[in-house]
Each structure stands twice: as C-alpha cells, then as structure tokens.
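Participant: My questions all concern the structure below.
Laboratory data are not the source of any read-out in this text; all were calculated from the coordinates shown. Values in this document were obtained by computation on a predicted structure and should not be read as measured data. Neighbour counts are summed over all protein chains in view; Cβ atoms, including those assigned to glycine, are modelled from backbone coordinates with ideal geometry.
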Amino acid sequence: MFPVLVMTSHVTMKILSECESGLCPKLFRKLLLFSGNDYMGLSSHPTVAEAATKVAQDYGMGTRGSALICGYTTYHRLLESCLAESKNKEDCLLCPTGFSANMAFMTVVGYVGSLSAVNETDCQDGVAIFSDALNHASIIDGIWLAERQGCVQVFIYRHCDMFHLNGLLLNCMMKKKVVVTDSLFSMDGDLAPMVQLSKLRKKHGFLLVVDDAHGTLVYGKNGGGVPEEFGCANDVDICIGTLSKAVGCHGGFIACSKRWKQLIQSRGRAFIFSTSTPVPIIAAAHAAVTVAKKETWRRKAIWNQVQEFRTLTGIPITSHIISLIVGSEEQALKASRVKQAHAEMWLSYNSNQAPHLTYAGYGSLLVQHTPKMILGNSPLHYPNA
Ligand SMILES: Cc1ncc(COP(=O)(O)O)c(C=O)c1O
C-alpha cells in the first residue's frame, strides 16, 4: 500500500492513512522527506517557478501533441541546446520522460541490429548489447524491446565487473557492440567505473551509452554529470538523462550526435508516439539548468551533505543516494515504519523492486537537509549499514 502524501514544503510531506485520504485533513502528519530526487532544491527555486508561471500564462500548459506533430517549441529547442552543451555532445533530443528516453534509444539499437543483419537466422552482423546487471528498469525494458526486433544479442555483465565485461567482449564475434550502464546506480548509490569503461571502449570500439539520471547537474565541475567528473565525457557516445531529479522538473533527454538524433526521431517509438513535455515545464527545466550553472554552491553543498552524513552516522556512503542493507524484507518494512513514526519518509525495497538488495532501506540527501535533520530522533536510526 502506498502512503498518501501531500507536499507541505520542498523537504517535508504530510501523510494520510487510507481512510483519511482527502476526508479528514486534521489527521495529517508531517514527515521529513528522505526519499526525493530534488537533490539541489531547484524544483522550488523562485527563478524556476517564475519561468514556469510566465510561460503558462503566455502559452498555457499542454503541448497538444507529440514533438513530431505540434509539440515542439522554441523552448524545447533552447533546452536541447543547453543540455547538449552541458553533456559535450553535438545535439540533444527531449523525450517525455527519462524512462521513455531509454526505451526509445534501445528500440533504435534493435532497429539498427535488424537492419545490419544479413538475414534473421544468422545474426553475426546484428548488434550485441552488454548491460550492467543492475541497470535501471527502463534500460532493461528497452533491451527487451530491442531483442524482439530480431538480430540483437544481449549479454549481462556482473555489476561494475570490468573483468567480466572484457571477457564477454573478447568472446563476442559480432562487429557492432553497445555497452550500456547507469552512471550512478539508482538503488545501490555506487558509481559505474567510468575510467575503465573508457579504456575498454578504446580497446573494443563499442558504442558507450550512459544513463546519467542521478548524476546530471550533481557531478562534474560544470554539472555535466558523472562522465565529466571522471574526464570521460568525450568517450560517452550517448548520454541519457532525466529532468525529474536534480533538475527538479519532469521529462527526459538523449544527448548524442545529430545522426543518432535523426534516427531516434524516426524510429524511437517511445519518443514518436507520446505527447511532448508541457512548455511551462520545459521553460522551468531550462531555468533550473541555468541556475545550476550559476549557483555552483548547490553542487558543493550536496558533497558537504555526503561528508556530513558520513561523519554524523559513520556510514561510508559514496554518493547522495543512501542504500542501507537492513536484513530481511520484514526488517526493511519495519525500519521504514519506525522512520515514519519518527516523522521521516524513507523507502524500503521489496524483492520485486530490488531482488539483489535483499532487502534495503533507501534514502537520498538533498541540499535542504540540515545536520539536525540527518541525525533525526528515531531509535532505529541507521540500522545495520
Ligand atoms: C537510472 C534511471 N534512469 C531513468 C529513470 C527514469 O526517469 P523518469 O523518472 O524521468 O522517467 C530513473 C528514474 O527513477 C532512473 O533512476
């Protein structure tokens, strides 16, 4: 059962039990949010709100259609240019969500595979996709779709295991190879080995696709994300991202070459057949990216939070995503209930959502959290990290 939550500020929520929903607002309880993705506090930045308001007043909300029909405006174009520059790519394509960006891109890989194969029974000329075992659900689902198109072979390498990946690449006779990985793993909070991936790319000549959903704006000197942080931006061929996390808005994007963009525009079904993101949201996202560029203190503040969390709790987290192995599914649920009872909103994963994590509590650090908030007052504070 989902808790019914009502936003009370950018860092707090109120909780409603099932019978209370909408009926007896007096029973609301305030919770401190440790499960959100608005890492840099941009969703409530006045410049962002102003940009959305102005555009909503001037042009209304909906884009009235998909980008290829009538849902593409100068605001969309402006944001694409801004993201392409930030990701050091020739161009960028906005998609309705980050999920659909991955789906659209992987479908196109499937299409390329079916094009390049001489015939459907001999797929030596198709495409081999190598995917990290812990990649996001949208990559996994996208790969399923790619596989359905025929001449795609999928190899899952052990999480961040470059020795395993190298072995699989060496043994694969297919010429066209694609390696796809999250940059910062959304459930475990660890980073992909970007430098080793770059080295393997030089050795094997594959197309490197990185989903930088959780790294965009947060990592890199200029907020270009995890590849920028490790000096590998030029080795990433395709950088996929979302506008729903540090950007604080909604939507997805694929930063890539002009050629790839054209291919996705003509074959990426999740892009083609879905209404584009509303203009006020795009204007807000553009404002958020611009603010993040100027207000560099926000990026630094996240890293101070990570450091502070380590010092205060003794838990050696490596990013703003906190993954705590609690023990069992029941214990994880209990931990999140105890947190709620002490006015904190944390998540617990069950075996369907994160089978490998048997069973974790999950949280994330936001710029707005203070040391007092981090220390909290729950007796089951940071269980068995
Ligand atoms: C790694 C990763 N990729 C893609 C997505 C999907 O992004 P969106 O929420 O914009 O659909 C998420 C969101 O949870 C994510 O964590």
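Participant: Could you line up Arg148, Arg267 from fewest to most neighbouring Cβ atoms inside 10 Å? Display every interim value, and only then the final one.
Facilitator: Values: Arg148 11, Arg267 19.
The order, fewest Cβ neighbours first, is Arg148, Arg267.
Participant: May I ask you to order 185-198, 279-292 by the average number of other C-beta atoms within 10 Å around their residues, highest value first? Could you put the intermediate results ahead of the total?
Facilitator: Values: 185-198: 20.0, 279-292: 24.5.
Output ranking for 185-198, 279-292: 279-292, 185-198.
Participant: So, one more: At 7 Å along the Cα-to-beta-carbon direction for both Thr290 and Met373, put a label point, then send me their distance in nm to one decimal.
Facilitator: Rounded to a tenth, the inter-label distance reads 2.7 nm.
Participant: Let me spell out the model: positive unit charges on the Cβ of Lys and Arg, negative unit charges on the Cβ of Asp and Glu, origin at the Cα centre of the stretch 46-293. What dipole size does that give, in debye rounded to 20? Let's see the in-between values first.
Facilitator: Details: 22 positive and 22 negative charges, 101 e Å.
Computed charge dipole of the stretch 46-293: roughly 480 debye.
Participant: What nm value, rounded to one decimal, do you get for the distance between Val154 and Thr318 when each label is placed 7 Å out toward the C-beta?
Facilitator: 2.5
Participant: Classify the stretch 46-293 as rounded, prolate or oblate from the Cα gyration tensor: take a ≥ b ≥ c as the square roots of its eigenvalues, call it rounded if a/c is under 1.5, otherwise prolate when a/b beats b/c and oblate if not.
Facilitator: Working: a/c = 2.36, a/b = 1.49, b/c = 1.58.
Cα axes put the stretch 46-293 in the oblate bin.
Participant: A further question follows. Past the 32 Å Cα-Cα mark, which pairs from Lys175/Lys221; Lys203/Lys294; Lys294/Lys372; Lys87/Lys176? Let's see the in-between values first.
Facilitator: Numbers: Lys175/Lys221 35 Å; Lys203/Lys294 38 Å; Lys294/Lys372 28 Å; Lys87/Lys176 24 Å.
Over 32 Å apart, Cα to Cα: Lys175/Lys221; Lys203/Lys294.
Participant: Between Ala133 and Ser81, what length comes free when the chain is fully extended (0.36 nm per residue of separation minus the Cα-Cα distance, one decimal in nm)?
Facilitator: Numbers: separation 52, 0.36 × 52 = 18.72 nm, distance 3.23 nm.
Additional length available on full extension: 15.5 nm.
Participant: Identify the residues of the stretch 198-215 with backbone N under 15 Å of a label point that sits 7 angstrom from the Cα of Ser257 along the Cα-to-Cβ direction, or state none.
Facilitator: Output list for this probe position: 205-209.
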